[in-house]
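Structure first, then comments.
The values are calculated or read from the model by the stated rules, or taken from the named source; none is laboratory data. Values in this document were obtained by computation on a predicted structure and should not be read as measured data. We place every Cβ from the backbone using ideal geometry, glycine too, and count neighbours over all the protein chains shown. When the accessible area is computed, the model is the full protein with side chains, heavy atoms only, and any ligands, DNA or RNA have been set aside. Shrake-Rupley method; radii C 1.70, N 1.55, O 1.52, S 1.80 Å.
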Amino acid sequence: MATVKFTANLKRFYPHLAPQQTNAGTVAEILDHIEITFPGIKDYIVNEQGQLRKHVNIFIGNSLISDKMELSDPVKSGDEVYIMQALSGG
Amino acid sequence: MSKETLLIGTRKGLITYKKSQGNWKYQGISFLGIPVNLTYVDPLTNTWWACLDHGHWGCKLHKSVDQGANWEEVTAPRYPENTEIKNGEMATVKYLWAVSNGGGNKPNELLIGTEPGGLFSSSDNGGSFALNDSLWNHPSRRDYWFGGGRDHAGIHSIIVDPRDNDHIYVGISVAGVFETKDGGTSWEPKNKGLKADFLPDPDAEVGQDPHLLIASPSNPNVLWQQNHCGIFRSENGGESWSDISQEGGPAYFGFAIAADEKDDKTAWVVPAVSDQLRVAVDNALCVCRTEDGGNTWNDFRNGLPQESCFDIVFRHALDVTNDTLAFGTTTGNLFLSDDRGESWRAISHHLPLIYSVSFI
């Protein structure tokens with residue numbers, strides 16, 4: 001199981017947001033998984049074409065994902081995945 | 001009916017003022033910290049709509065059915081999967097830029113204009129939206145719609161003819177005015193007489209830059225637009241446009257324009273310096289009014305800053321109700337006039353950047 005953790009800023013819109021356990025194999029599958037529990041949250045993270053929003057970062061461990069278009073980066077059991085807002089503007 | 005509430009869309013949220021004993025008082029803010037670029041109150045359903053532009057999380061649409069006491073996020077318009085702007089660039093909503101109901105004969109219809117250039121309609125009061133394919137697939141779009149101040153062309157104005165709800169105009173920066181007479185099945189450009197001095201052919205049928213398109217409430221055949229290249233008026237529903245800019249005066253460049261509710265020859269603009277500078281003309285704010293269809297203009301300055309002023313007024317940030325006008329500026333000043341724009345007083349000097357102002 002991988003663990004998905006979220007920036008606290010998303011709790012403004014999803015007050016019950018908490019780390020999630022998932023067997024998803026890719027980042028894209030993770031988003032589909034958390035969308036079930038938190039309907040609508042995927043739209044905060046990716047646009048309608050499924051691409052990561054410009055000012056959102058997703059890390060697997062300490063590494064930024066490499067595929068921001070289709071979110072195909074693989075996720076394995078034991079990984080920690082962080083969905084963060086990018087710092088922009090200083 | 002007297003409108004005694006002001007909705008102010010700002011960079012830091014939706015601010016409300018109410019009139020009480022002749023004074024406009026701050027009531028509160030919704031969406032604190034989040035840019036609210038546009039609000040719309042649908043008089044048919046009494047639904048309040050707010051368009052949010054999160055820096056990180058995308059554009060969101062919220063509705064309130066209790067006059068702003070509570071807001072609910074609804075699914076905003078979305079471009080269908082694999083919709084392409086051009087050259088392989090996928091279409092995603094960058095901005096929710098215009099909202100209108102569908103007219104009295106379509107009480108649950110909601111129309112939303114977006115950047116990049118898509119018009120969306122909902123037949124269930126925002127429950128779901130569909131892209132208007134005919135306008136999106138207009139043969140002019142890929143080659144002759146351009147980005148202006150934003151990356152892509154965008155629809156910032158929607159006018160539904162109150163006499164025939166299948167008759168709709170949209171204003172697009174940068175493309176021009178488009179009209180449908182069949183409820184959106186087909187669209188035609190309506191830009192004859194406009195000037196685009198930024199194009200090789202200033203008289204181009206498509207590629208014009210209306211900053212805001214409005215209709216006179218008392219006469220839907222009379223259209224006005226504050227354009228990038230002047231102020232224009234049409235008396236024949238957009239079949240042809242006349243340049244009504246003020247020769248030698250400040251009424252030329254700007255973003256906002258408001259039409260009088262009763263008189264189809266009266267309108268107001270708030271001029272700015274075109275177009276690289278985008279500041280107040282001569283570092284002073286004025287409001288210009290015509291009462292003869294644009295033949296002549298008067299500029300009014302009483303109560304407005306006349307030195308060291310850099311404010312400009314965005315396209316949705318000027319509104320009128322009866323003899324009262326209000327506008328908000330890019331530096332957070334909110335001004336109000338009770339005498340048809342001839343004298344002004346500041347309601348606040350301390351608001352965030354103001355995107356939109358509307359009386360309800």
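Before moving on, here are some points about what is shown:
- Among the candidates B:Val41, B:Val36, residue that is more than 14 Å from chain A (Cβ to nearest Cβ), open to solvent by 20 Å² or more (accessible area, probe 1.4 Å) and either touching a helix residue (DSSP H, G or I) at 6+ places or on another chain (Cβ under 8 Å) or modelled with pLDDT of 95 or more (or both): B:Val41
- Flag not set for A:Leu10, criterion: more than 14 Å from every other protein chain (Cβ to nearest Cβ) and in contact (Cβ under 8 Å) with a residue 24 or more places away in the chain.
- Within the stretch B:143-184, the set of residues being out of contact with any Gly (no Cβ under 7 Å at 6 or more places or on another chain) and modelled with pLDDT under 95 comprises B:Asp143, B:Gly147, B:Gly148, B:Gly149, B:Arg150, B:Asp151.
- Test: A:Met84 is within 14 Å of chain B (Cβ to nearest Cβ), assigned to a strand (DSSP E or B) and over 19 Å from B:Asp53 (Cβ atoms): yes
- Pairing each residue of the stretch B:154-182 that is farther than 21 Å from B:Gly207 by Cα with any residue that is β-branched (Val, Ile, Thr), provided the two are 6+ apart or on different chains, yields C-beta distances under 6 Å for B:Val160/B:Ile168.
- Selection from the stretch A:36-81 of residues that are assigned to a helix (DSSP H, G or I), out of contact with any strand residue (DSSP E or B) (no Cβ under 7 Å at 6 or more places or on another chain) and surrounded by 15 or more Cβ atoms within 10 Å (Cβ to Cβ): A:Lys42
- Matching entry among A:Asn23, A:Asn57, A:Asn62 (being over 28 Å from B:Ser128 (Cβ atoms) and within 13 Å of chain B (Cβ to nearest Cβ)): A:Asn57
- Any hit, the stretch B:65-86, residues being farther than 26 Å from A:Gln51 by Cα and within 14 Å of another protein chain (Cβ to nearest Cβ): yes
This table checks each residue for (1) charged (D, E, K, R); (2) not in a strand (DSSP E or B).
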residue	(1), (2)
B:Lys3	yes, yes
B:Ile8	no, no
B:Lys18	yes, no
B:Ile29	no, no
B:Gly33	no, yes
B:Val41	no, no
B:Cys59	no, no
B:His62	no, no
